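Okay, structure first, notes after.
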Amino acid sequence: MLALKLLPQLLAWTATALLLLRAFSGRRLATAYAAGAGFLGGTAALAVVPGALLYDMVRGFLGAAFLLLWGVSVVVLYQSNRREGASGVRFLNRAPLCGAVALVCGLIAGATCACRLGSGAAGQLLTPLLLAVAGCALVAAALYAERLLSPRITVTPAGLLAALVALALFASSFLIRVDLFAPLSMKVMKGTHDFVHQFMESVLIPDHIFVRQVVWGYIGIFFSKDVGFWGGMVIWFTPVCLLLLAIRLQRLPKVSHIRQGAQRRQVIARAIKERNLRLAVPGFALAVLIAAAYQSQHPTVEYWDPKPLQLTANAAGEIFIPRKGEVNLEDGKLHKYLFKQGEREARFFVLMAPNGKLTVDLDACAICKPDGYGQTEGTLICYYCKTLIPLETIGMTGGCNPVPVQFADTPDGVRLNAASLLNSWGQTIQSTTRPKEGGK
Amino acid sequence: MAAATIETSALTRSYGEICALKPIDLLVPEGEWLSVMGHSGSGKSTLMNLVGGLDRPSGGALKVGGKDLLALSEDGLARFRREYVGIIFQQHHLVPYLSAVENVMLAQYFHSTPDEAEARNALERVGLGHRLKNRPGELSGGEQQRVCIARAIINSPKLLLGDEPTGNLDHKSTMMVMELLKELRAEERFTVVMVTHNQEVAAWGDRTIYLDDGVLVREERTRC
C-alpha cells in the first residue's frame, strides 16, 4: 500500500537517477553515490524538519528551480543560432558539479517522498527506513539500466535541467501542499483580476454610462477560472517549448569546404540526426510536465468536507452549537452548518484552530465565488482558487481566508447572532458573485 | 578518396545443393574496370551480388576496400552498400511515380539527406538536364538507364556494379551509356565491376574474366 502510494515519486526518482547518470556518464559512480546520499538526506528530513517547514522548503525549492529553468531556456534560445555545441557542455562531468546536482536532486526527491508519507510517519522508524532503502536500490537499478540505454541518447545541460525540474514537479503534483501548477494558475487568475480591477478603477470605467451589461459580460471573461488555467499552462510549458525551439533552430555545421556532395550530405544528415536525438530529453520533459499539470488538475487527494448540518435559531435570534453534541467541535476537523431563515440562508463552519481556540467563519471568502472550503492535513483549501490556507491563520481576515463571524465562545458551546450571520453572508456573496460575468 | 580494392579467396556460394560459385580467387585493384562474362547461370550475377554486399558467401574470404564483408553485421553490410556501392541494373528499377530528379533524390535520402540541387547537377552530368521533371514512363530506355547511372553515382560510391546495364538498349544507346560511364569513372575514379553478355561492352573494361559453371576459366586484359 505504501509502495503504491509512493509509486509516482519513486518512478520519477528512478527516471531522475537515469538522467543524471547519462548526463554525467563520465562519473557514474560518484553521481550514484551523491544521488543516493541526497535521497537518504531528504528522507531523514522527515524526522529533522518540522512538517510545515519541510513542505515550504520543497515548494520553495521547486519554485526556484522552475524560475531557473525559465531563465536558462531564454538564454539557450538566445544562443540557439550558434554553430558550436550546446552551451554548458564543458561543465558536465566535472566532479563538483556532478556531485552537487545529484545531491540536490536526491534531497528534493527524498523530501518529496517524505512529504508524501506525511507527518504521520515522522515518529516511525521503519517506514522512512524502507523508503531510504528503496531510494538507494532504485539508484543502483538505474546505474545498471543506464548502460542498456542507446549511446546515441545524449543529454544537454539545458535538457537535463528541464527533465529534472519536470520530474520533480511531477512528483510534487501528487501532494497538494507542494504542487506548483494549481497555485500558479491561481496567481495568474488573481493577477489578471487585480490588473483589470485596478485598470477599471484608475479610469473610472465602472461608473461610465456606456459600459452596459453586455460589455461587463466580456470583461467578466478576464475574471473566469479559464484565464488562470490557460495563463498557468502558458507559463508552465513555455520554458520547455523554448528549449525545443532552441534545439530546432540550432544551425547545422558548415559544409561548404567539403568538395564531395555525398560527404557533405552525410555531415548534414549526422548533424540533423544528432539534433533530433537532442530533442528526446526536452520532449520527455514536456510529456512529464503535461502529466504533472493533469495530475494537479485532477488531484487524488480526498478533502474532509462534511455535509452542512442545518441549524435553527431560538426566539431571541441566537444560534447555539454545543461543543460536544451531535459533533465534537474540538476534534480539529471542519464542521459545516447551514442556517436558513425564510428565503435567506448562510453557510458557515466551526473549527478548532491548532492553538486550541474555536473559530467560526463563513464558508466563503471576500474574493472568490462561494464554492466553499475543504480540509486537508494542516490546511483548508478554497475549492474555487485552490489556495491553501494554513489552519493557524483561520479566523484572520484578508486574502482568500474565510470571512470570520462574530460569536461567543462559552464553556458549553458557541453562540451566534442569526441576523448578523445572514447579513455577513449576504454582503459577502453579493460582492463575489455577479450574474453573467462568469466569475468573481 | 581511394576506390575499392576487391580481394576474394576461395569464395563460394551455394544454394542448397547447387553450387553457383565454386572457389574463386580474384584481385581487382582500386580503380580497375573489370568486365565479367559468361553464359547464363555461370555465376556472374552471384559474384557481383557477393562483391556488392547484396548476398553473403557460403565460404571463403571476401574483402572490399579493406572491409571484411563476412565479418560485417546486417547493419554494417547495409551501411557498406549505402556508402560504398552504386549499382546499375538491366531492369532500371526506377520508381514509376517519381520524376527523374526525385528518383535520384530518393537514393540521397537513403544515404543521408536529399539535396535537389546536387541531384539536378548529377542528371545534367548524364545529359538529362532537360528531363528532370519527367517520370520514367516518359523517358526512353537509354534515358532511363542514364537516370540509373545518376542515381548510382550520386552518393560517390567507391565501387560501381553493373548487372548487364546495356542489356535492354540498342547499339547507339549502349555506346552512349558506356561513353558516359567512362567519363564518370575518369572523374570519380571508382572501381567498376560490370557483368555483361556483350563482348563489345566487355571491351570497355581494363580486364575481362570469364566464368563457366561457377568457375573462373579465363581472363584477359583488354586495355593496357
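Among A:Thr154, A:Thr16, rank each residue by its count of other Cβ atoms within 10 Å, from fewest to most, as a rough exposure measure.
Placing the least packed residue first, the sequence is A:Thr154, A:Thr16.
Show me, for the range A:127-140, the HN-Hα J-couplings you get by feeding each phi into the Karplus relation (A = 6.51, B = -1.76, C = 1.60, θ = phi - 60°), rounded to Hz, glycine and proline as x.
Using θ = phi - 60°, the values come out as 4, x, 5, 4, 4, 4, 5, 4, x, 5, 5, 5, 5, 5 Hz.
For the range A:27-64 and the range A:282-314, write down the distance between their C-alpha centroids in whole Å.
25
I need the phi-derived Karplus couplings for the range A:223-236: 6.51 cos²θ - 1.76 cosθ + 1.60, θ = phi - 60°, integer Hz, Gly and Pro marked x.
3J(HN,Hα) across the range A:223-236, in whole Hz: 9, 7, 4, 4, 4, x, 5, 6, x, x, 4, 4, 5, 5.
Can you give me the long-range amide H partners of B:Gly162? Hydrogens built in the peptide plane at 1.01 Å from N, cutoff under 5 Å, separation of 5 or more residues or another chain.
Amide H neighbours of B:Gly162, under 5 Å, 5+ apart: B:Ile88, B:Val193, B:Met194, B:Val195.
Principal axis lengths of the range A:309-432 from Cα atoms, whole Å, largest first?
39, 32, 20
Per q in 0.11, 0.16, 0.19 1/Å, what log10 I(q)/I(0) does a Debye calculation on the alpha-carbon atoms of the range A:136-261 return?
Result of the Debye calculation: -0.69, -0.99, -1.15.
About the Cα centre of chain A, how large is the charge dipole given +1 on each Lys and Arg Cβ and -1 on each Asp and Glu Cβ? Please answer in debye to the nearest 20.
2920
Enumerate by residue number the trypsin sites (Lys or Arg not before Pro) in the range A:127-189 meeting two conditions: DSSP loop (anything except H, G, I, E, B), and at most 16 other Cβ atoms within 10 Å of the site's Cβ.
A:Arg147, A:Arg152
Count charges around B:Glu188 for me, please; just the other residues with Cβ under 13 Å from its Cβ, Lys/Arg as +1, Asp/Glu as -1.
Local net charge: +3.
Name the longest site-free stretch of chain A, where the excluded sites are GluC sites (Glu not before Pro) in a DSSP loop with no more than 10 other beta-carbon atoms within 10 Å.
No qualifying site falls inside A:85-301, the longest such stretch.
About the Cα centre, and with charges only on the beta carbon of Lys, Arg (+1) and Asp, Glu (-1), how big is the dipole of the range A:309-432? Nearest 20 debye, please.
Computed charge dipole of the range A:309-432: roughly 160 debye.
With point charges of +1 on the Cβ of Lys and Arg and -1 on the Cβ of Asp and Glu, referenced to the Cα centre of chain B, which listed residue (B:Leu128, B:His39, B:Thr208) lies farthest in the positive direction of the dipole?
B:Leu128
Most exposed first by the Cβ proxy, i.e. fewest other Cβ within 10 Å, how do B:Leu69, A:Leu421, B:Leu27, B:Leu132 rank?
The order, fewest Cβ neighbours first, is B:Leu27, B:Leu132, B:Leu69, A:Leu421.
What does the helix-only formula give at 222 nm for chain B: each DSSP H stretch with n ≥ 4 adding -39500 (n - 2.57), the total divided by the residues, and the result rounded to the nearest 500 deg cm²/dmol?
Rounded to the nearest 500, the figure is -10000 deg cm²/dmol.
Only bridges with both residues in the protein assembly as shown count here: give the DSSP antiparallel percent, nearest 5.
Counting only bridges with both partners in the protein assembly as shown, antiparallel ones make up about 70 percent.
If you take the Cα atoms of the range B:126-224, find Rg, then find the Kirkwood Rh from the mean of 1/r over all pairs, what is Rg/Rh?
Reported Rg/Rh, Kirkwood definition of Rh: 0.99.
Using only Cα atoms and rounding to the nearest 10 degrees, what angle (0 to 90) does helix B:171-188 make with the longest principal axis of chain B?
Approximately 80 degrees, to the nearest ten.
Relative to 2.2 N^0.38 Å, what does the C-alpha radius of gyration of the range A:250-294 come to as a ratio? Two decimals please.
With N residues counted in the range A:250-294, Rg over 2.2 N^0.38 Å equals 1.72.
Find the relative contact order for the range B:6-221 and round it to a whole percent, using C-alpha pairs within less than 8 Å whose residues are 6+ positions apart.
30
Stokes-Einstein D for the range B:64-132 at 4 °C, 1.567 mPa s, Kirkwood Rh over Cα pairs, in µm²/s?
Answer, rounded: 95 µm²/s.
Counting only helical runs of four or more DSSP H residues, what would the 222 nm mean residue ellipticity of chain A come to if each run contributes -39,500 (n - 2.57) and the total is spread over all its residues?
Value at 222 nm, helices only: -18000 deg cm²/dmol.
In whole Hz and in residue order, list the ³J(HN,Hα) couplings for the range A:385-390 that follow from phi through the Karplus curve 6.51 cos²θ - 1.76 cosθ + 1.60, θ = phi - 60°; x for Gly and Pro.
Coupling constants for the range A:385-390: 10, 6, 6, 8, 10, x Hz.
What is the mean projected area of the alpha carbon convex hull for the range B:61-186, to one decimal in square nanometres?
Taking a quarter of the hull surface, the average projection is 8.2 nm².
So what's the range A:1-68 giving for Rg/Rh, alpha carbon basis, Kirkwood Rh from the mean inverse pair distance?
A ratio of 1.01.
Averaging over every viewing direction, what projected area does the convex hull of the Cα atoms of the range B:111-155 cover, in nm²?
3.0
Taking the radius of gyration and the Kirkwood hydrodynamic radius from Cα positions alone, what is the Rg/Rh ratio for the range B:6-221, to two decimal places?
Rg divided by Rh gives 0.96.
When all C-alpha to C-alpha distances in the protein assembly as shown are sorted into bins of 20 Å, what percent of pairs does each bin hold, rounded to whole numbers?
15, 29, 24, 18, 11, 3, 0
Coordinate-derived values only; no laboratory data. Keep in mind it's a predicted model, so treat the numbers as computed, not measured. Neighbour counts are summed over all protein chains in view; Cβ atoms, including those assigned to glycine, are modelled from backbone coordinates with ideal geometry.
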